[in-house]
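So the structure is just underneath, and the comments pick up after that.
The values are calculated or read from the model by the stated rules, or taken from the named source; none is laboratory data. No experiment lies behind these values; they were computed from the predicted model shown. Every residue, glycine among them, receives a Cβ derived from its backbone with ideal geometry; neighbour counts consider all protein chains shown. Each accessible area value is taken on the protein alone, full model and side chains, heavy atoms only, with ligands, DNA and RNA left out. Shrake-Rupley method; radii C 1.70, N 1.55, O 1.52, S 1.80 Å.
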Amino acid sequence: MPKVVISGYYGFNNIGDEAILKGIIDGIKGFSQDTEIVVLSQYPEFTSKKHNVKSIKRMNLFSIIKEIKDCDLLVSGGGSLLQDVTSKRSILYYIAIIHIAKILNKKVMIYSQGIGPVNKKYNRNILKRVLNKVDFINVRDENSKQELLDMGIEKDILVTMDTVFGIKKPDIEIGKQILRDINIDFDKKIVGFSIRPWKNNKQIVAEISKVCESLVEEYDYQVLFIPFHFYADSSIIKDIYKSIDKKYRKNVFVLDKYLYVDEYISLVGNLDFLIGMRLHALIFSVLMEVPVVGLSYDPKINNFLNFIEKNDVISILNINFNDIMNDVKYLIENIDDERKLISRKKDEFREITDIHNKVLMDLIENRGEYFGKN
């Protein structure tokens, strides 16, 4: 029985990373139900229960070495693991896991990652040394590929898409029941918001609260705030809610319980459109054919919005009511065309994710179709 160890940012209540993990596991099981999967996680019991796989503590070096020593492939998988902007230390952790696998003479696949920014010279140099030894590199956008080339990576680099597009769409009724539980009126339209804390929180709170008031007053929308990284996002969402004029709050709702991947995706599928900062809020929307307005705090957001032909991106550092509402008005006026565009992109992205999953299985089974091309 082949064995795969998966390394990533798992077990931290970040639904985007949990969706990535589900995408990897679904990709493996779609080709082989017999493959043993071991996930490095902050909370192994949670990960094991949710994904029906073996999981070990991500900081338990003895257990990590034991599992990698016994595996056929290490997958360093998904998200923005190899960057030094949001954390100065995490990049060293992920590099170290890859390095351990290569010391133990194991195959390593960099899987559907968004690379960078990597600003520190030391990190760029060590990343160059380690990644030039891996067996296959797969990134989710051209900018990530260019970042690696600029570092001096000499291996072939496959560009595909975020692996979440390989997830099977859940039943829409799951999300409907969640909305019923918080007293959403299905006779009125619903706009979702995914807002995360950033450097200019006060400005974000002020501008987003005005957008909410306008959507309620001028367009008769219900507003739903969805914390995709539950504990990290809840504080700023509460601040926005408090800033909204009380006369509008009866049409403003806050999701106040932690959901899991299929529940979040199904919930998003019930929206008319979504205004979002979190990358995987935008990805879930496209997966469920829901139009979006994106607010960018990171190049990965710009990259994804460009994929769906939205090139005039609103920067969160320059966020203002008028820019957001201009995009909202255009979307509402062209909603049918936006839905058709999103549906077409979703189909394109799903086909692309099949490519890196085939590579993954070729590496596990050492069939040679892709393995060794680097």
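Given the conditions (1) farther than 26 Å from residue 72 by Cα; (2) in contact with a Lys or Arg (Cβ under 6 Å, 6 or more places away or on another chain); (3) crowded, with 17+ Cβ neighbours inside 10 Å, report the number of the one that residue 363 does not fulfil.
Only one criterion is unmet by residue 363, namely (1).
Please verify whether residue 50 is over 24 Å from residue 118 (Cβ atoms), within 19 Å of the chain's Cα centre (by Cα) and open to solvent by 60 Å² or more (accessible area, probe 1.4 Å), treating the condition exactly as stated. Break it down into steps so the answer makes sense when it comes.
Numbers: over 24 Å from residue 118 (Cβ atoms): yes; within 19 Å of the chain's Cα centre (by Cα): yes; open to solvent by 60 Å² or more (accessible area, probe 1.4 Å): yes.
Yes: the conditions hold for residue 50.
Can you name the number of the only condition in (1) open to solvent by 50 Å² or more (accessible area, probe 1.4 Å); (2) touching a residue at least 24 places away in the same chain (Cβ under 8 Å); (3) under 22 Å from the mean Cα position of the chain (by Cα) that residue 70 fails?
Of the numbered conditions (1) open to solvent by 50 Å² or more (accessible area, probe 1.4 Å); (2) touching a residue at least 24 places away in the same chain (Cβ under 8 Å); (3) under 22 Å from the mean Cα position of the chain (by Cα), the odd one out for residue 70 is (3).
Among the candidates 312, 298, single out the residue that is closer than 22 Å to residue 198 by Cα, open to solvent by 70 Å² or more (accessible area, probe 1.4 Å) and modelled with pLDDT under 95.
Numbers: 298 fails: open to solvent by 70 Å² or more (accessible area, probe 1.4 Å).
Just one listed residue meets the conditions, 312.
Quick check on my filter: what residues within the stretch 229-253 are over 15 Å from residue 204 (Cα atoms), within 28 Å of the chain's Cα centre (by Cα) and open to solvent by 50 Å² or more (accessible area, probe 1.4 Å)?
Scanning the stretch 229-253 gives a single hit, 231.
Give the number of residues within the stretch 15-59 that are assigned to a helix (DSSP H, G or I), in contact (Cβ under 8 Å) with a residue 12 or more places away in the chain and not basic (Lys, Arg). Break it down stepwise before answering.
As a first pass, look at the stretch 15-59 and keep what is assigned to a helix (DSSP H, G or I): 15-31, 44-51.
Restricting the remaining residues to those that are in contact (Cβ under 8 Å) with a residue 12 or more places away in the chain gives 15-28, 30-31, 44, 46-47, 50-51.
Then keep just the ones that are not basic (Lys, Arg); that gives 15-21, 23-28, 30-31, 44, 46-47, 51.
Qualifying residue count, the stretch 15-59: 19.
Can you list residue pairs whose Cβ atoms sit under 6 Å apart, with the first residue in the stretch 144-158 being within 10 Å of residue 124 (Cα to Cα) and the second being among the charged types (D, E, K, R) and in a helix (DSSP H, G or I)? Count only pairs 6 or more apart in sequence or on different chains.
These pairs meet every condition: 151/124; 151/128; 152/128.
Just to be sure, is residue 331 in a helix (DSSP H, G or I), surrounded by fewer than 22 Cβ atoms within 10 Å (Cβ to Cβ) and of a type outside the set (Asp, Glu)? Can you show your working first?
Numbers: in a helix (DSSP H, G or I): yes; surrounded by fewer than 22 Cβ atoms within 10 Å (Cβ to Cβ): yes; of a type outside the set (Asp, Glu): yes.
Yes, satisfied.
Sort through 143, 119, 138 and tell me the only one that's among the polar types (S, T, N, Q) and either over 22 Å from residue 353 (Cα atoms) or part of a loop (DSSP other than H, G, I, E, B) (or both).
Numbers: 143 fails: either over 22 Å from residue 353 (Cα atoms) or part of a loop (DSSP other than H, G, I, E, B) (or both); 138 fails: either over 22 Å from residue 353 (Cα atoms) or part of a loop (DSSP other than H, G, I, E, B) (or both).
Exactly one residue qualifies, and that residue is 119.
Residues in the stretch 1-15: is at least one of a type in the set (Lys, Arg) and open to solvent by less than 20 Å² (accessible area, probe 1.4 Å)? Break it down stepwise before answering.
Going residue by residue through the stretch 1-15, those that are of a type in the set (Lys, Arg) are 3.
Then drop every residue that is not open to solvent by less than 20 Å² (accessible area, probe 1.4 Å), which leaves 3.
Yes; the residues of the stretch 1-15 include at least one that is of a type in the set (Lys, Arg) and open to solvent by less than 20 Å² (accessible area, probe 1.4 Å).
Quick check on this structure: which one of 326, 320 is farther than 19 Å from residue 184 by Cβ and either touching a Pro at 6+ places or on another chain (Cβ under 9 Å) or open to solvent by 50 Å² or more (accessible area, probe 1.4 Å) (or both)?
Details: 320 fails: either touching a Pro at 6+ places or on another chain (Cβ under 9 Å) or open to solvent by 50 Å² or more (accessible area, probe 1.4 Å) (or both).
So the residue among 326, 320 that is farther than 19 Å from residue 184 by Cβ and either touching a Pro at 6+ places or on another chain (Cβ under 9 Å) or open to solvent by 50 Å² or more (accessible area, probe 1.4 Å) (or both) is 326.
Can you tell me how many residues within the stretch 172-215 are out of contact with any strand residue (DSSP E or B) (no Cβ under 9 Å at 6 or more places or on another chain), more than 30 Å from residue 318 (Cβ to Cβ) and in a loop (DSSP other than H, G, I, E, B)?
2
Kindly check whether there is at least one residue in the stretch 207-228 that is surrounded by fewer than 22 Cβ atoms within 10 Å (Cβ to Cβ) and either under 30 Å from residue 26 (Cα atoms) or under 20 Å from the mean Cα position of the chain (by Cα) (or both).
Checked the stretch 207-228: no residue is surrounded by fewer than 22 Cβ atoms within 10 Å (Cβ to Cβ) and either under 30 Å from residue 26 (Cα atoms) or under 20 Å from the mean Cα position of the chain (by Cα) (or both).
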